[in-house]
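Student: Shown below is the structure under consideration.
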Amino acid sequence: MNKQEQEYWSTRYETGTTGWDIGAPSTPIKTYIDSLDNKNSSILIPGAGNAYEAEYAWKNGFQNIYILDISEHPLKAFQGRNPDFPDNQLIHGDFFTHLGEYDLILEQTFFCSFIPLKENRMAYAKKMSELLVEGGILAGLLFSFPLIEGNMEKRPFGGSKEEYKTYFNPLFREVVIESCYNSIPPRQGNEYFFQAKK
């Protein structure tokens, strides 16, 4: 496990500097979950944090949902709120060394947390592809505001539709990236909803 990243994120949770945490499932992800028919799908939420989206899905009948985070703090908080959630589906680990096969992976403020170097973003897309079964889907939100030149510290990081497609198009058969119509008010106009099918 990347100890530096583990310590960084654990400190953010310990100090309450979790500005990305909205305290509930984001509207676009909630709407997407509501549109899913197969409640037996194997679903991963990496970099899940407090995992409100997973909690929503779990309470709406999705039993095969896995939560992955590099920090134990949000996993323990999730467990406290959902004591009936299976322990083996709460994974304290590093996304890049995680092994598994999933039908669906949900992206919610995870991609935007990486230092926005081309190699980091390509590694993210490659690992997502590896974790999906053939025909599996990666779906969720990406920030649409531009990167600030030289900014390698102030998260979250955004990007353009054209840039994002350079990472996903080589690895996925169908990539759709559109301006998000139902973002929460503070993020209105700053998000893309995307779906990429392996």
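Student: So, in the range 86-126, of the ones that are among the acidic types (Asp, Glu) and over 20 Å from Ile29 (Cα atoms), which residue ends up nearest to the chain's Cα centre (by Cα)?
Tutor: Filtering the range 86-126 for residues that are among the acidic types (Asp, Glu) and over 20 Å from Ile29 (Cα atoms), the one nearest to the chain's Cα centre (by Cα) comes out as Asp94.
The rows are residues; the columns are (1) of a type in the set (Asp, Glu); (2) touching a helix residue (DSSP H, G or I) at 6+ places or on another chain (Cβ under 9 Å); (3) modelled with pLDDT of 95 or more.
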residue	(1), (2), (3)
Gln4	no, no, no
Thr18	no, yes, no
Ser35	no, no, yes
Asn60	no, yes, yes
Ser71	no, yes, no
Ile105	no, yes, yes
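Student: Let me confirm something: among Leu171, Leu142, Leu147, which residue is closer than 22 Å to Arg187 by Cβ and modelled with pLDDT of 95 or more? Break it down stepwise before answering.
Tutor: Details: Leu171 fails: closer than 22 Å to Arg187 by Cβ; Leu147 fails: modelled with pLDDT of 95 or more.
The unique qualifying residue is Leu142.
Student: Would you pick out the residues in the range 30-60 that are part of a strand (DSSP E or B) and of a type in the set (A, V, I, L, M, F, W, C)?
Tutor: Ile43, Leu44, Ile45
Student: For the subset of the range 188-198 comprising residues that are of a type outside the set (Phe, Trp, Tyr) and touching a residue at least 40 places away in the same chain (Cβ under 8 Å), which member is surrounded by the most Cβ atoms within 10 Å (Cβ to Cβ)?
Tutor: Per the stated criteria, the residue is Ala196.
Student: Using the structure shown, decide if Leu99 is in contact with an Asp or Glu (Cβ under 7 Å, 6 or more places away or on another chain) and modelled with pLDDT of 95 or more.
Tutor: Taking the combined requirement at face value, the residue does not satisfy it.
Student: Closer than 24 Å to Leu44 by Cα, of a type in the set (Phe, Trp, Tyr) and over 15 Å from the mean Cα position of the chain (by Cα): which single residue out of Tyr192, Tyr167 fits that description?
Tutor: Tyr167
Student: Right, next: Would you be able to tell me the number of residues in the range 154-175 that are surrounded by 13 or more Cβ atoms within 10 Å (Cβ to Cβ) and over 17 Å from Cys112 (Cα atoms)? First the steps, then the outcome.
Tutor: Step one: of the range 154-175, the residues surrounded by 13 or more Cβ atoms within 10 Å (Cβ to Cβ) are 155-161, 163-169, 171-172, 175.
Subset that is over 17 Å from Cys112 (Cα atoms): 169, 171-172, 175.
Result for the range 154-175: 4.
Student: Among Glu55, Glu72, Glu101, which is under 22 Å from Phe193 (Cβ atoms), of a type in the set (Asp, Glu) and touching a residue at least 24 places away in the same chain (Cβ under 8 Å)? Reasoning before the result, please.
Tutor: Values: Glu72 fails: under 22 Å from Phe193 (Cβ atoms); Glu101 fails: under 22 Å from Phe193 (Cβ atoms).
Of Glu55, Glu72, Glu101, the one residue that is under 22 Å from Phe193 (Cβ atoms), of a type in the set (Asp, Glu) and touching a residue at least 24 places away in the same chain (Cβ under 8 Å) is Glu55.
The values are calculated or read from the model by the stated rules, or taken from the named source; none is laboratory data. Owing to the predicted nature of the structure, the values given are computational and were not obtained by experimental measurement. Note that we place each Cβ from the backbone using ideal geometry, even for glycine, and neighbour counts take in every protein chain shown.
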